[in-house]
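What follows is one structure encoded as structure tokens, with my remarks underneath.
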Amino acid sequence: MKIRNHRLLQDDGSALPYRASPNKGGALQARWLVMHYTAGRNAESSISWLASPQAKASAHLVIGRDGKITQLVPFNVVAWHAGASSWEGVSGLNHHSIGIELDNVGRLDHIAGQWVSPLKIVVPDDQVRVAKHKNDAPGLPPSGWQTYTAEQIDAAFSVAQALIAHYALRDIIGHDDIAPGRKSDPGPDFPLVSLRARLFGRREDDLPMFTASAALNVRGGPGSEHALLAGSPIPIGTRVQALEQSGLWWKVDVLDEVNGVMDLVGWCHGRFLQAA
Ligand SMILES: [Zn+2]
């Protein structure tokens, strides 16, 4: 994929589907890529909705479950996907990010033996991952999540690679990272940490691997005043990849699913980390 005049094109220069959304405004110089799920019925209905004035919402791209990509807003124009949000001291992420919606019905409740979305769509068991959301309070039971298709993840990777290169984006993040009190998308089934590692090469050899030498708390920041994250404490022996250091604290990527939480990233005190 490549980008010309802020439109996404195939490698051979041919156009991808474009459906103009009126829900946009202002010049955009994006710094981040924000991933979402639609929580809709299917890609076509989500695209139609985001292209209609009454939605008052949009995204730059929608990726269907077959991997098909539709653009709705040029990449140099603000789309309305983030709402009230903040990241790294910046608020109102619509003005600083490109938004991608993945067709997915979202968080599922188990009702009378079936997994059911907020729109009352029943999802077959073989398309459901049961997991805690990283932002859910400890003690909450896990939810169901419709799994993403391999075609969708491949398309998300390819388009993210093109966007990061073209606009020098600094990170790929979730709506649930920038609006954690309000939003759960793209949720535990989206492989954000491994995509980020592939896109930015963050698992460098010069950052150590550790194992937990005790049951280890994982916190939202480098200090015991920061809140515990869901999944804490991780069991003794859990392997983690160091991402960065702040004083005695390390930001780590927990490599295995622990306590029902996938993609756990947070801060641990260094005294309980043993070189692996
Ligand atoms: Zn969202």
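A few comments on the model shown:
- Per the conditions (1) hydrophobic (A, V, I, L, M, F, W, C); (2) over 20 Å from the mean Cα position of the chain (by Cα); (3) within 16 Å of the ligand (Cβ to nearest atom), the sole criterion not satisfied by M1 is (3).
- Contact map, the stretch 117-142: residues that are polar (S, T, N, Q) paired with residues that are in a strand (DSSP E or B), Cβ distance under 8 Å, separation 6+ or inter-chain. Pairs shown: S117/R107; S117/L108; S117/V123; S117/Q146; Q127/Q146.
- Qualifying residue in the stretch 73-94 (condition: in contact with an Asp or Glu (Cβ under 7 Å, 6 or more places away or on another chain) and more than 19 Å from P186 (Cα to Cα)): no
- Just one of the numbered conditions (1) away from the ligand (no atom under 13 Å from the Cβ); (2) surrounded by 14 or more Cβ atoms within 10 Å (Cβ to Cβ) is not true of H81: (1).
- Considering the stretch 101-113, the residues that are more than 14 Å from P142 (Cα to Cα) and surrounded by 14 or more Cβ atoms within 10 Å (Cβ to Cβ) include one that is nearest to the ligand (Cβ to nearest atom), namely E101.
- Every residue from the stretch 105-134 that is in a loop (DSSP other than H, G, I, E, B) and either under 18 Å from S45 (Cβ atoms) or of a type outside the set (A, V, I, L, M, F, W, C) (or both): V105, G106, G113, S117, P118, L119, K120, I121, P124, H133, K134
- For the stretch 30-44, a residue qualifies if it is polar (S, T, N, Q) and within 13 Å of the ligand (Cβ to nearest atom), and exactly one does: T38.
- Some residue of the stretch 196-205 being modelled with pLDDT under 95, surrounded by fewer than 16 Cβ atoms within 10 Å (Cβ to Cβ) and acidic (D, E): yes
- Yes/no for A215 being within 28 Å of P142 (Cβ to Cβ), over 11 Å from the mean Cα position of the chain (by Cα) and either more than 16 Å from the ligand (Cβ to nearest atom) or not assigned by TED's automatic domain parsing to the domain that holds V62 (or both): yes
- Residue in the stretch 95-109 that is over 21 Å from I121 (Cβ atoms) and over 21 Å from the mean Cα position of the chain (by Cα) present: no
- Selection over the stretch 161-180 of residues that are outside any helix (DSSP H, G or I) and either crowded, with 16+ Cβ neighbours inside 10 Å or within 13 Å of the ligand (Cβ to nearest atom) (or both) gives a count of 7.
- Pair list, Cβ < 6 Å and 6+ apart or interchain, from the stretch 81-104 residues that are assigned to a helix (DSSP H, G or I) to residues that are within 10 Å of the ligand (Cβ to nearest atom): L93/A82; L93/S85; L93/I178; N94/A82
The values are calculated or read from the model by the stated rules, or taken from the named source; none is laboratory data. Since we're looking at a predicted model, the values are computed, not measured. Heads up, the Cβs are rebuilt from the backbone with ideal geometry, glycines too, and the neighbour counts pull from every protein chain shown.
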